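Enquirer: The structure's right below; bear with me while I get my questions together.
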Amino acid sequence: MQIETSEPYQEDWGWELPATCGDNSYYLCMSGNAEREGTDEGEWRIIVEKRRSLWQRLSGKGRIVLHDPMFGMIDQVLAEEPGISNVHREE
């Protein structure tokens with residue numbers, strides 16, 4: 001499955017990246033805490049928010065689930081990056 005993205009934009013807490021995977025739309029929210037000033041090393045957090053219509057929210061439909069394809073794509077990208085380690089999910 002392919003992911004299509006729009007331009008990322010900065011928020012006060014980090015970056016947000018609109019993305020589409022299949023028929024579903026998401027916001028990928030990224031922020032981090034550097035171990036040392038001026039480096040990318042430290043703890044990074046990726047929050048996946050599935051976009052749902054008002055009707056879906058009111059009816060409880062279209063919720064994100066653990067086997068959502070977006071999670072698999074993110075896991076794959078992170079696993080293929082040699083500089084990334086100690087990846088874990090929080091639920």
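The values are calculated or read from the model by the stated rules, or taken from the named source; none is laboratory data. Note that this is a predicted model, so its numbers are computed, not measured. For neighbour counting, all protein chains shown are included, and Cβ atoms are generated from backbone atoms with ideal geometry for every residue, glycine included. Each accessible area value is taken on the protein alone, full model and side chains, heavy atoms only, with ligands, DNA and RNA left out. Shrake-Rupley method; radii C 1.70, N 1.55, O 1.52, S 1.80 Å.
Enquirer: Checking Q10 against (1) under 24 Å from E91 (Cβ atoms); (2) open to solvent by 100 Å² or more (accessible area, probe 1.4 Å); (3) of a type in the set (S, T, N, Q), which single condition isn't satisfied?
Expert: (1)
Enquirer: So T5 ticks every box in (1) closer than 20 Å to L78 by Cα; (2) polar (S, T, N, Q); (3) open to solvent by less than 80 Å² (accessible area, probe 1.4 Å); (4) modelled with pLDDT of 90 or more but one. Which box is left unticked?
Expert: (3)
Enquirer: Look at the stretch 28-48 and say how many of its residues are open to solvent by less than 80 Å² (accessible area, probe 1.4 Å), under 15 Å from the mean Cα position of the chain (by Cα) and over 13 Å from I74 (Cβ atoms).
Expert: Number of matching residues: 2.
Enquirer: Looking at (1) in contact with a Lys or Arg (Cβ under 9 Å, 6 or more places away or on another chain); (2) surrounded by fewer than 15 Cβ atoms within 10 Å (Cβ to Cβ), which one does M70 not meet, given that it meets all the others?
Expert: (2)
Enquirer: Can you find even one residue in the stretch 58-75 that is more than 21 Å from Q2 (Cβ to Cβ), among the aliphatic types (A, V, I, L, M) and at pLDDT 95 or above?
Expert: yes
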